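Data block below; observations after.
Please treat every number below as a calculation from the coordinates, not as lab data. Being a predicted model, the structure only gives us computed values, none of them experimental. Reconstructed Cβ throughout: ideal geometry from the backbone, glycine too, with neighbour counts over all protein chains shown.
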Amino acid sequence: MARLDTREKLSILADAAKYDASCASSGSSKRDSRGGTGVGSTEGMGICHAYAPDGRCISLLKILLTNSCIFDCHYCINRKSSNVRRARFTVEEVVQLTLNFYKRNYIEGLFLSSGIIKSSNYTMEQMVEVARQLRDVHDFRGYIHLKTIPDADPELVHQAGLYADRVSINVELPTRQGLTRLAPEKDEKRIETAMRNTKSDIADNKDARKKYRSAPRYAPGGQSTQMIVGADDANDGAIVTKARSLYDRFSLRRVYYSAFSPIPEPSAVLPLKRPPLMREHRLYQSDWLMRFYGFKPQEVVAATDEKGMLPLDIDPKLAWALKFRESFPVDVNRATKEELLRVPGLGTKAVGRILSSRRFRTLRLDDVARLTVSVKKVRPFIITSDWRPTLLTDRADLKALIAPPAAQLDLFAHHGPKAA
Ligand code: SF4
């Protein structure tokens, strides 16, 4: 490996980290940090914006310890057989970079991932050491997100949670077959065992802190994972079902969906094109439907087409409503919270405000219009004191009447997930 100075390494290793969505990057318009103007630029030199577990938007230094790797995952630009420029930080370099950026207020924390150097254990040791030095030697109080390596010794993975606010373990692909084909050195069972251990470490720590307030915190931001979308042939139905199962079995805080990005000199087993970014967005919306709107995975699956794919031109909540029109119209003055949450165009905030306002007065269409971005979208699905949609939900052209114009679709491609 050629000798590089820290700035050159930062350029390479921040750029290599851009493919990892699981620090909840809030969707900078391009996933390329090389063109940035350096520290302080939101798109330069590895500084990304992310949502902390408490919902705050924070800036993180997002880097790899190294982009060298002894594994050969087909979809990964850093795989062993890839012809990319390699670099590697020392533990001390990452610690100093983080401290320097933090002291200058460029960042509020660190997101650290890595290719596998020598062995999974060796790599995990180095990553834990970065976090340990930051916390124990430098009393670093900023946010730390560590990507952990499922093959590493469970004790090392455990240690990651002692220093990090959040840990994550990538499931990588939605199906076992996809993982075997595209990441032959990875194993679903080992990945899930590591997630199960982390779940139980977090639960044990919560119990300990109930008894002893002085017990050290363990990964207080919980654990998350990432799935690559569009590198294999798993459809949206399979992805949504897998995500729900991961949330339920491992108490994940978040599942992140990352649209597969074609890489230079791709392996022949990969698709040539990236999936539409809108697909990633629709998956985030369906994720929100399950987490905040009471949808079961089978209901989201019911909104997919005959190939198991969510429509790209309308959001999954509207797709579900158009398929299950017999569930509407919903009377905003009488319906339960669960029924109101099903109405396309009504978000959780709007539903909350409907529920509190109707305690004092009967709601009219204008009242609902003030709570929503598009009353046109809501109107066919609700009844108010002065509005009843006469056979509107029976119209064959209902979708055309309320769907956003196709030209507007790109506007939503990079936005954060919203389900309403
Ligand atoms: S182990 Fe990680 S860095 Fe290495 S090839 Fe696979 S995805 Fe890439």
Notebook entry, point to check: Can you work out D for region 71-165 in µm² s⁻¹ from Stokes-Einstein, where Rh is the Kirkwood radius over C-alpha pairs, the temperature is 4 °C and the viscosity is 1.567 mPa s?
Noted result: 92
Check: Can you give the FRET efficiency for ASN333 and SER251, using 1/(1 + (r/R0)^6), R0 = 45 Å, r = Cβ-Cβ distance, to the nearest 0.05?
Finding: 0.75
Check: Which lysines have a Cα lying under 30 Å from the Cα of LYS376, excluding residues fewer than 8 positions away in the same chain?
Finding: LYS296, LYS307, LYS317, LYS323, LYS337, LYS349, LYS399, LYS418
Note to self: Please compute the contact order of the chain in relative form: average sequence separation of alpha-carbon pairs under 8 Å and at least six residues apart, divided by the residue count, as a percent.
What the structure shows: 12
Checklist line | Relative contact order computed over region 95-209 (Cα-Cα under 8 Å; 6+ residues apart), in percent | finding: 22
Next item on the list: Considering the options LEU371, SER327, ILE382, tell which one lies farthest towards the positive end of the dipole of region 316-412, charges being +1 on Lys and Arg and -1 on Asp and Glu at the Cβ, about the Cα centre.
Entry: LEU371
Next item on the list: Within 10 Å, count the other beta carbons around each residue, average over each peptide in 55-67, 372-384, 319-331, 158-170, and list them highest first.
Entry: 158-170, 55-67, 372-384, 319-331
Next item on the list: Report the paramagnetic label zone for GLN298: residues of region 225-252 whose backbone N is under 20 Å from a point 7 Å from Cα along the Cα-to-Cβ axis.
Entry: 235-249
Item checked: Extension reserve of the TYR106-LEU272 stretch, reckoned as 0.36 nm per residue once the Cα distance is removed -> 56.0 nm
Check: Which length gain, in nm to one decimal place, applies between ARG388 and MET309 when the Cα-Cα distance is subtracted from 0.36 nm times their residue separation?
Finding: 25.2 nm
Notebook entry, point to check: Taking Cα atoms, how many degrees apart are the long axis of helix 348-357 and the longest axis of the chain, rounded to 10 and kept between 0 and 90?
Noted result: 40
Notebook entry, point to check: Between ARG135 and ASN121, what length in nm is gained on full extension when 0.36 nm per residue of separation is reduced by their alpha carbon distance?
Noted result: 3.0 nm
Note to self: Among 357-365, 254-262, how do they line up by average Cβ neighbours within 10 Å per residue, starting with the highest?
What the structure shows: 254-262, 357-365
Next item on the list: If a/c stays under 1.5 just call it rounded; otherwise compare a/b with b/c (prolate if a/b is bigger, oblate if not). Do that for region 206-303, with a ≥ b ≥ c from the square roots of the Cα gyration tensor eigenvalues.
Entry: oblate
Check: So how far apart, in nm, are the two label points at THR180 and GLU192 if each is 7 Å from Cα heading toward Cβ?
Finding: 1.4
Notebook entry, point to check: Once phi is turned into θ = phi - 60°, what whole-Hz ³J(HN,Hα) does the Karplus curve with 6.51, -1.76 and 1.60 give for every residue of region 84-97, x standing for Gly and Pro?
Noted result: 10, 6, 9, 8, 8, 7, 7, 4, 4, 5, 5, 4, 5, 4
Next item on the list: Compute the acute angle (0 to 90°) between the alpha-carbon long axis of helix 154-163 and the principal axis of greatest extent of the alpha-carbon atoms of the chain; round to the nearest 10°.
Entry: 70
Item checked: Per-residue ³J(HN,Hα) for region 321-335, Karplus 6.51 cos²θ - 1.76 cosθ + 1.60, θ = phi - 60°, Hz, x for Gly and Pro -> 5, 5, 7, 10, 5, 5, 7, 10, x, 10, 7, 5, 8, 10, 5
Next item on the list: Starting from the amide H of ASP331, placed 1.01 Å from N in the peptide plane, find each other amide H under 5 Å away whose residue is 5 or more places distant or on another chain.
Entry: ILE383
Note to self: Around ALA52, under 12 Å between beta carbons, what's the net of Lys plus Arg minus Asp minus Glu among the other residues?
What the structure shows: +1
Note to self: Could you give each residue of region 100-116 its phi-based ³J(HN,Hα) in whole Hz, using Karplus coefficients 6.51, -1.76, 1.60 with θ = phi - 60°, and x for Gly or Pro?
What the structure shows: 4, 5, 5, 5, 8, 6, 6, 9, 10, x, 10, 10, 10, 10, 6, x, 8
Next item on the list: Taking the Cα centre of region 82-168 as origin, work out the dipole magnitude from +1 charges on Lys and Arg Cβ and -1 charges on Asp and Glu Cβ, in debye rounded to 20.
Entry: 420
Check: Taking the inverse of the average 1/r across all pairs of different Cα atoms in the chain, what Kirkwood radius in Å do you get?
Finding: 23.0
Notebook entry, point to check: FRET efficiency for LEU355 and ASP233, Cβ-Cβ distance as r, R0 = 41 Å, nearest 0.05?
Noted result: 0.45
Next item on the list: May I ask which of LYS18/LYS80; LYS9/LYS103; LYS62/LYS189; LYS118/LYS242 have a Cα-Cα span longer than 23 Å here?
Entry: LYS62/LYS189; LYS118/LYS242
Margin query: Restricting to Cα pairs below 8 Å that are 6+ residues apart, what does the relative contact order work out to for region 129-187? Please round to a whole percent.
Written below: 29
Checklist line | Within the chain, percent of DSSP bridges classed antiparallel, to nearest 5 | finding: 25
